[in-house]
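Nothing in this text is a laboratory measurement; each read-out follows from the coordinates by a stated rule. From a predicted model like this one, the values you see are computed outputs, not experimental measurements. Neighbour counts are summed over all protein chains in view; Cβ atoms, including those assigned to glycine, are modelled from backbone coordinates with ideal geometry.
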Amino acid sequence: MIEPFRMLLTSAGRRAGLLDCFRSSAARIETALEIHACDLHPELSAACALADARFAAPPCTHADYIPTLLDYARDHGISLIVPTIDTELQPLADAREEFAAIGSYVHVSSPETIAIVRDKKRTMDVLAAAGVPVPRTATLQQFRLNGDGWDWPVFVKPVSGSASRGIACIQSRSELQDSYPEPMLVQQALKGDEYTVNLFVCDGGFMHPAVPHLRMSIRAGEVEKGRTVRRAEFETIARNLARALPGARGVMCFQLFDDPRLGPRVIEINARFGGGYPLADRAGARFAENVLRSAMKLPLTTRNCWQDGVTMLRYDHAIFV
């Protein structure tokens, strides 16, 4: 009997759609796939319920997080680890060689890249230096010292936030709070349509064709309704963005606004599978398949025949345990 290829989806939560993408990708390359999943409370995770095996893991900020995953990967023959939330990227990037030593490929960019994308101010500085269009951005401290010349309203958001946490649109300086629970930045408010651009960067730095989608409706920071859109200028921005990040690797996504006055402006990067990735996969992207191929040391597939105009309409569904 042929042993299945075993992968681990960490912080699995509600990522049932991503789980399906990996299963369909494995079927295309005729690989028996066994998906393991972990979460803080796996009994309350839909993706864990749908996985072949599941277990409880400590928070990624806990000292036992990496040792727990290492022990599990070693004991269960895990060949691929795919993180799904921003806060676990840095510890996994730092421990990537430890996992490699036991035969586990961790789908994560270099620690240098993760350090950049986890700091939204630094992200804007790095992208601007590389010629990638970004909105005017300042730390809150910089803004308080020199806020002249800014147009109102502006956005205030955490330097290392995610999932739209802590974002506020303020109309005047008087609306700024005296203090915030974490470092904040101020960003020029943009208008126009918002897009997510999904991309895949191989270990050698080559970027495969990007797949953008229009974010038609958002819920809790994640696209609820979206439509793939082929835009040549977005492809150029994606390539310049990938080149600006030292050690970018695997699947990433970034958000941009197509401001009618300023043109496209990148607002943030997620160095992981985005919540809307299943739309790109359905349209013909083969990024999840390439993650499997990377871990299995198979040749990657390169294609630019993804379908424009594919619409995703999400709805709530229940898992009964």
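Taken one residue at a time, the phi angles of the stretch 189-197 give Karplus couplings (6.51, -1.76, 1.60, θ = phi - 60°) of 6, 10, 10, x, 6, 9, 10, 10, 10 Hz. Gly and Pro are set to x. Between Glu43 and Glu98, the simple label model (points 7 Å from Cα in the Cβ direction) yields a spacing of 2.9 nm. Once the Cβ-Cβ distance of Arg173 and Ala130 is raised to the sixth power relative to R0 = 45 Å, the FRET efficiency obtained is 0.90. Remark: spin-label model distance Asp316-Thr302 equals 4.5 nm, labels positioned 7 Å along the Cα→Cβ axis. Once C-alpha pairs closer than 8 Å and six or more residues apart are averaged by separation and normalised to the residue number of the stretch 115-250, the relative contact order reads 23 percent. Label separation (Asp119 vs Asp193): 3.5 nm, computed from points 7 Å beyond Cα along the C-beta direction.
Charges only on Cβ, +1 for Lys and Arg, -1 for Asp and Glu: so what's the dipole of the stretch 136-188 about the Cα centre, in debye to the nearest 20? All intermediate terms of the calculation are to be shown ahead of the outcome.
Values: 5 positive and 5 negative charges, 25 e Å.
I would put it at about 120 debye.
Roughly how far apart, in whole Å, are the Cα centres of the stretch 304-321 and the stretch 216-290? The two parts, judged by their Cα centres, are 16 Å apart.
Ranked highest first by the average count of other Cβ atoms within 10 Å around their residues, in what order do 98-107, 25-34 fall?
Working: 98-107: 17.5, 25-34: 15.2.
Output ranking for 98-107, 25-34: 98-107, 25-34.
Using a cutoff of 8 angstrom between alpha carbon atoms and counting only pairs six or more residues apart, the relative contact order for the chain works out to 16 percent.
Under unit Cβ charges (Lys, Arg +1; Asp, Glu -1), what dipole magnitude, rounded to 20 debye, does the stretch 233-308 have relative to its Cα centre? Kindly include the intermediate steps, with their values, before the conclusion.
Working: 11 positive and 8 negative charges, 81 e Å.
Around 380 debye, computed over the stretch 233-308.
Mind jotting down the distance between the C-alpha centroids of the stretch 17-67 and the stretch 141-159, whole Å? What the calculation gives is 40 Å, centre to centre. In order along the stretch 31-38, phi translates into HN-Hα couplings of 10, 6, 10, 10, 9, 9, 9, 9 Hz, rounded to whole numbers, per the Karplus curve 6.51 cos²θ - 1.76 cosθ + 1.60 with θ = phi - 60° and x for Gly and Pro.
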